[in-house]
Each structure stands twice: as C-alpha cells, then as structure tokens.
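Written below as structure tokens is the structure these notes are about.
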C-alpha cells in the first residue's frame, strides 16, 4: 500500500450465505480524487463501503484505507474516514443537538464550525427530534456528522437520497469541492448518473458483485465511442477486424460500430470506403454501463 491510494483492495470477497455480494474486488482509489462506484441496486457497492469501515467483515482478501489494514485497524480508520450509509441509523428520541453531542464523544478531532455551518445550510433546528425529520433531513444530518471529524477520506452511499434540487446542488458544488480543495478523497456509491457524470474524476462500474471496469471518467468518454455509417455498398468484412471494435450492429446498409479504442484508425477505414453518412457519437455514462454489463442504470 502506497500513499498514492486512499483505498486499495486485493481480491476482496464477501458472501452472505450462497449469495456472492462482492467477488475478487481489486479497487484502487487515488488520493485527492472523487471516485464514483456505479452499479444497480444489489451490485455490491454498499457492501464494499461497509467492509472498508469495518461494519462488515470480508470473507477473504485484503483492504486498506489511508494505508491502514481494514482487518486490524478499524478504530483508527473510523477516526480518519467519514462514512454515510444509504439508510443512516439514528436514535429517533434524540434531538438534533443531542445527536451531535453524542457523536462528538467518539472522535478525537471535531470541528464545531463545520457543524454550525451545515446546520445553517441545511436549516436543521437543534431542538427538533430526529423522528420528526424527513428522510432527506436525516441524510443531511448524517452527512454533517460525517464531515464534522474532518475526515481525510469520505465514503458516501447514495449521499443525496431525499435531497431537494437545491440541497443536491449545494452538496455537489460546495461539499465535494471543499473536500477536494483540502486534498481529501471522496468515494461515492450510486446508481444515479447525472450528478456522477458532473463531479467524478474516476468511475468504477460494478455488476453482480464484480468490478467490471474502472478508469478516469475523461478517458472513458474519450475511448468509448460509437461510429454510425451508411455505406453505398456492402463493405468487406476486413473493415471490421480492428480489435478496438467491441460490437457491430447492422441495419440494412447502415452500421453502428461500438468501439473502446482506436477511434481514429477505425474512422479512417470507414471514411475510405464509399459512404453516404459517417458520424461519431459520444455515448453517455448509462450507455457505457449498458455496454459493459448489459443493464442500464437509473437516472433521477
């Protein structure tokens, strides 16, 4: 494990009985980045985050957070790693301020300025009982509690669930930017796409417990393309032998050529053959996910 990685796992596995929740996970999250772990509900994303903070024990494999072994240094990890689960567990009988005071006692470092700031931003009244909060407000409080210890790594599972559009924009434009400005790292797990496309530096695509692809988001966009071409006559089959072509779809004289590498070479080959139309399409993240897994993600 090097300082270049905020998170690193090797062949990490988790089974629940016969269900394989996470399979041979080799994940590397560079320090100082926003990494989006994307997949359908049940893909294993939440289990990955829980293993990293010691809430779930792996069946096999290794994992490190900020260079600390997840098997032996759970307490140290929880001091340096903030975690927001998809469904935060909070004591409904407490008030907002009582919950903050309760959580403060678990941490060596705590920033009351962060607490005050986000109480104002989220308009959370300190005297309100937690069981009177909406789900979105509970998530906002849980986010506040994750940020107050000033973590070096923030693990967020569906972090904006229940947020209204204004709070969502605030989260992505302010909270995440503040983390990055301080050199911190954010690992987000989500099945929703549009926000992730806007904020993530890198993405990992999970499907049925496996990490099927990971790379910088810009590189993914640059490499994953679709050429649409209508030829004047049937082209020779050799035209489609380029290894960068991952799928070929024919509709009459029209072809849809899905590629993951070698755009320029494939484009030139198509352009050299008589054609009526030739275009390059940049697929969105949902199309790319569908290409790798055969299933689409949910937009909200």
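Going residue by residue through region 164-182, is there one that turns out to be assigned by TED's automatic domain parsing to the domain that holds residue 144 and either touching a helix residue (DSSP H, G or I) at 6+ places or on another chain (Cβ under 6 Å) or modelled with pLDDT of 90 or more (or both)?
Step one: filter region 164-182 for residues assigned by TED's automatic domain parsing to the domain that holds residue 144, giving 164-182.
Subsequent filtering for residues that are either touching a helix residue (DSSP H, G or I) at 6+ places or on another chain (Cβ under 6 Å) or modelled with pLDDT of 90 or more (or both) retains 172, 176.
The answer is yes; a qualifying residue exists.
The residues of region 149-173 that are part of a loop (DSSP other than H, G, I, E, B) and surrounded by 22 or more Cβ atoms within 10 Å (Cβ to Cβ), listed by number, are 151, 159, 160.
In region 77-98, of all residues being surrounded by 18 or more Cβ atoms within 10 Å (Cβ to Cβ) and assigned to a strand (DSSP E or B), the one that is modelled with the highest pLDDT corresponds to 81.
Answer yes or no: is there a residue in region 184-194 that is surrounded by fewer than 19 Cβ atoms within 10 Å (Cβ to Cβ) and either in contact (Cβ under 8 Å) with a residue 40 or more places away in the chain or in a strand (DSSP E or B) (or both).
Of region 184-194, the ones surrounded by fewer than 19 Cβ atoms within 10 Å (Cβ to Cβ) are 192, 194.
Pick out the ones that are also either in contact (Cβ under 8 Å) with a residue 40 or more places away in the chain or in a strand (DSSP E or B) (or both) and you get 192, 194.
For region 184-194, residues surrounded by fewer than 19 Cβ atoms within 10 Å (Cβ to Cβ) and either in contact (Cβ under 8 Å) with a residue 40 or more places away in the chain or in a strand (DSSP E or B) (or both): present.
Residue count for region 107-132 under the criterion of being modelled with pLDDT of 90 or more and assigned to a loop (DSSP other than H, G, I, E, B): the result is 11.
Can you confirm whether residue 146 is assigned to a helix (DSSP H, G or I) and either touching a strand residue (DSSP E or B) at 6+ places or on another chain (Cβ under 8 Å) or within 29 Å of residue 15 (Cβ to Cβ) (or both)? Yes: the conditions hold for residue 146. Taking the criterion of being assigned to a strand (DSSP E or B) and surrounded by 17 or more Cβ atoms within 10 Å (Cβ to Cβ), would at least one residue in region 39-47 satisfy it? Checked against the condition, which is being assigned to a strand (DSSP E or B) and surrounded by 17 or more Cβ atoms within 10 Å (Cβ to Cβ), region 39-47 yields no hits at all.
Which of the numbered conditions does residue 218 fail, given that it passes all the others? Conditions: (1) touching a residue at least 60 places away in the same chain (Cβ under 8 Å); (2) exposed (fewer than 13 other Cβ atoms within 10 Å of the Cβ); (3) closer than 16 Å to residue 38 by Cα. With respect to (1) touching a residue at least 60 places away in the same chain (Cβ under 8 Å); (2) exposed (fewer than 13 other Cβ atoms within 10 Å of the Cβ); (3) closer than 16 Å to residue 38 by Cα, residue 218 is out only on (1).
The values are calculated or read from the model by the stated rules, or taken from the named source; none is laboratory data. Keep in mind it's a predicted model, so treat the numbers as computed, not measured. All Cβ positions, even for glycine, are placed from backbone atoms using ideal geometry, and neighbour counts span all protein chains on display.
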